[in-house]
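Novice: What follows is a structure written as structure tokens; I'll ask about it next.
Coordinate-derived values only; no laboratory data. Note that the structure is a prediction, hence the values are computed from the model and not measured. Virtual Cβ from ideal backbone geometry, glycine too; neighbours counted across all protein chains shown.
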Amino acid sequence: MDFSVVVEYFPRLLEGTWVSIQLVLLSIVLGGLFALPIALARISPVLWIRSLPFAYIFFFRGTPLLVQIFLVYYGASQFDVVRESVLWPILREPFWCAIIAFTLNTSAYTAEIFRGAIQAIPPGEVEACKVVGMSKTQMYRRVLLPRAFGIVLPAYGNEIILMLKGSALASTITILDLTGMARTIIARTYTPIEIFLAAGAIYLLISMVIIAIFRQVEKHQNRYLGSVSIKVPDKG
Amino acid sequence: MIDLHGFGHQLLQGALVTVELALASLVVGLVLGLLGAAAKLSSIKPLQWIANIYTTLIRGLPELLTVLIIYFGATTVLMSIAGLFGYDEYIEIGAFAAGVTALGLTFGAYATEVFRGALQSIPKGQHESAVALGMGTFHKFYRIILPQVWRIALPGLGNLFLVLLKDTALVSVVGLEDIMRKANIAVSSTKEAFLFYLVAAIMYLVLTIVSMGVVSYLEKRARRGLTRG
């Protein structure tokens, strides 16, 4: 094995890394924005409001991300309506197709996380807010949203890491993200092990950074729990 | 009825390959998961280290990258080993073998955590009463511990299997003739991308629904010893 190729092509790998980070950041932000209304509709007491997000979530969680990317990138361009629409300059670009597919996918998962968090707030806290005479806005701003945010954090951190790993699929539609760049370099140098391991190391490093950031935010968010760490038993 | 241009049969063949790949990886992954959990809970430090490195590495790598590393890496490694013995013909491992290895390793890493949690949640008294009844290590594990671990671990393992089922699509990237690859072939000859990828998506959905049914049957069966409270 000859790791000098890794040194030689490291700037290219970093370029790919930057594309991967852009993909993840954009889809996470957009997915989060979409997820909130989906989650709220999902817990609606009205059946027909509830069933649409249910089908949406079921479809995007039940099919492979690869199928979803291909549906957007290859599937949409099959229709003349799409090719003649104003959106075509966007839908023609693999980067934006990946963003669309990732956003739809992650919003389905995130919506389920949000739903869980909203439903996990004990009703007693809502009642307590009412008792001390808070208005609905105050209740949401001071108690419910910060609480839901604290509950959501660990699962949301996991979702971002899953998104980071899923972003490698962008390489299948010609995007030069970290994996795509690695494959391009390998096609030229025939050193699959060295380059793939280097790319893997970069992915590991990014997930470690994400984990560290979330640990800090979680600590800050749940600071009211005191300095005593509470040991939560494994559910298995 | 939608017109699949005669590719329906091909897609069904692909579905069979997908199911075979998923089940084979499941077996490999369950064995690796149990071994990993045993290693993490053992008192031998090096075993703990190995298991920790294994789960951290595999869980941090994108699944696609794992598949690519195994597929291209295994060839290089096998050829250099064969080269030591003076064999210098080209060796290639098949896409199916690479897929089973990569997905089995991934499933195993996540299953390690599920099994570890389940093993730790078995009360000490269960171990002690098995020993008191004169059971050996094997009998204790096989008759007392494993059935309970199975019951506790099943929901987690079921989720992991659903993830595994979807990850099988990645192996199409290295040329395995699964649902995804058959859909790609159909698209390149008919140019009806939306139709075929939608059909592929629906096939995965059906497989998901069937697996969910099987898992919930197994869960019910594993719980049959418990009285409903």
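Novice: What 222 nm value per residue comes from the helices of chain A, counting each DSSP H run with n ≥ 4 as -39,500 (n - 2.57) and dividing by all residues, nearest 500 deg cm²/dmol?
Specialist: Per the formula, -24500 deg cm²/dmol.
Novice: Can you give me the angle between helix A:145-166 and the longest principal axis of chain A, using Cα atoms only, in degrees from 0 to 90, rounded to the nearest 10?
Specialist: Roughly 20 degrees between the two axes.
Novice: What is the range B:8-222 by shape, rounded, prolate or oblate, if you read a ≥ b ≥ c off the alpha carbon gyration tensor as root eigenvalues and call it rounded for a/c under 1.5, prolate for a/b larger than b/c, and oblate otherwise?
Specialist: Working: a/c = 2.78, a/b = 1.44, b/c = 1.92.
Oblate, because a/c is 1.5 or more while a/b does not exceed b/c.
Novice: Which FRET efficiency value, to the nearest 0.05, is calculated for B:ARG143 and B:ILE202 with the Förster distance at 51 angstrom and r the Cβ-Cβ distance?
Specialist: Numbers: r = 43 Å, r/R0 = 0.84.
So the FRET efficiency works out to roughly 0.75.
Novice: Tell me the net charge near B:TYR54. Cut-off is 12 Å between Cβ atoms, B:TYR54 excluded, with +1 for each Lys or Arg and -1 for each Asp or Glu.
Specialist: On the way: positive: B:LYS40, B:ARG59; negative: B:GLU113.
Within the 12 Å Cβ shell, the charges total +1.
Novice: Right, something else. How many lysine pairs in chain B, separated by 8 or more positions in sequence or lying on different chains, have Cα atoms less than 28 Å apart?
Specialist: Eligible lysine pairs with Cα atoms under 28 Å apart amount to 12.
Novice: Round to the nearest 0.05 the FRET efficiency obtained for B:GLU89 and A:THR189 when R0 = 25 Å and r is the Cβ-Cβ distance.
Specialist: Efficiency at R0 = 25 Å is approximately 0.65.
Novice: Further question on the same structure: No solvent, one uniform scatterer per C-alpha: report log10 I(q)/I(0) for the range A:144-209 via the Debye equation at q = 0.19, 0.26 1/Å, two decimals.
Specialist: -0.76, -1.09
Novice: Sticking with the crude label model, points 7 Å out along Cα→Cβ, report the distance from A:GLN138 to B:HIS9 in nm, one decimal please.
Specialist: According to this spin-label approximation, the distance is 7.4 nm.
Novice: Spelling out what I want: for every residue of the range A:206-214, take phi, set θ = phi - 60°, compute 6.51 cos²θ - 1.76 cosθ + 1.60 (Karplus), and round to whole Hz; glycine and proline get x.
Specialist: Taking θ as phi minus 60°, the curve returns 5, 5, 5, 4, 4, 4, 4, 4, 5 Hz for the range A:206-214.
Novice: Continuing with this model, one more query. Please work out whether the range A:4-224 counts as rounded, prolate or oblate from its C-alpha gyration tensor, where a ≥ b ≥ c are the square roots of the eigenvalues and a/c under 1.5 means rounded, while otherwise a/b larger than b/c means prolate and anything else oblate?
Specialist: Taking the square roots of the gyration eigenvalues as a ≥ b ≥ c, the range A:4-224 is oblate.
Novice: Using each residue's phi in the range B:146-152, evaluate 6.51 cos²θ - 1.76 cosθ + 1.60 at θ = phi - 60° and report the 3J(HN,Hα) Karplus result to the nearest Hz, with x for Gly and Pro.
Specialist: 4, x, 6, 4, 4, 5, 6
Novice: Oh, and also: Where a ≥ b ≥ c are the square roots of the eigenvalues of the C-alpha gyration tensor, would you call the protein assembly as shown rounded, which needs a/c under 1.5, or, failing that, prolate if a/b is larger than b/c, or oblate?
Specialist: Judged from the Cα gyration tensor, the protein assembly as shown comes out rounded (a/c under 1.5).
Novice: Then there is this: What's the average, rounded to a whole number, of partner chain beta-carbon atoms within 10 Å of each residue's beta-carbon in B:20-33?
Specialist: Mean inter-chain Cβ contacts per residue within 10 Å come to 0.
Novice: In addition: Can you give the mean number of other chain Cβ atoms that lie within 10 Å of the Cβ atoms in peptide B:65-76?
Specialist: Mean number of neighbouring Cβ atoms from other chains: 5.
Novice: Go ahead and run the numbers for FRET between B:ILE122 and A:LEU204, Cβ-Cβ distance against an R0 of 45 Å, rounding to 0.05.
Specialist: 0.85
Novice: Applying the Karplus parametrisation 6.51 cos²θ - 1.76 cosθ + 1.60 with θ = phi - 60° to the phi angles of the range B:69-86, what ³J(HN,Hα) value in whole Hz is obtained for each residue in order, glycine and proline being reported as x?
Specialist: Calculated HN-Hα couplings, in order: 4, 5, 5, 7, x, 4, 4, 4, 5, 4, 5, 6, 5, 5, x, 4, 9, x Hz.
Novice: Further question on the same structure: Students often check this: by mean Cβ neighbours within 10 Å, which of B:145-151, B:101-107, A:57-63, A:160-166 ranks highest, and how do the rest follow?
Specialist: For the peptides B:145-151, B:101-107, A:57-63, A:160-166, the packing ranking is B:101-107, A:160-166, A:57-63, B:145-151.
Novice: When we measure straight from the Cα of A:LYS219, which lysines land under 16 angstrom away, once same-chain ones fewer than 8 places off are left out?
Specialist: The reachable lysines, counting only those whose Cα sits under 16 Å from A:LYS219, are A:LYS231.
Novice: Along the positive direction of the dipole of the protein assembly as shown (beta-carbon charges: Lys, Arg +1; Asp, Glu -1; about the Cα centre), which of B:THR55, A:GLY31, B:THR137 reaches farthest?
Specialist: The residue sitting farthest along the positive end of the dipole is B:THR137.
Novice: In addition: Working from Cα positions, state the angle (0 to 90°, nearest 10) between the long axis of helix B:95-120 and the longest principal axis of chain B.
Specialist: 30
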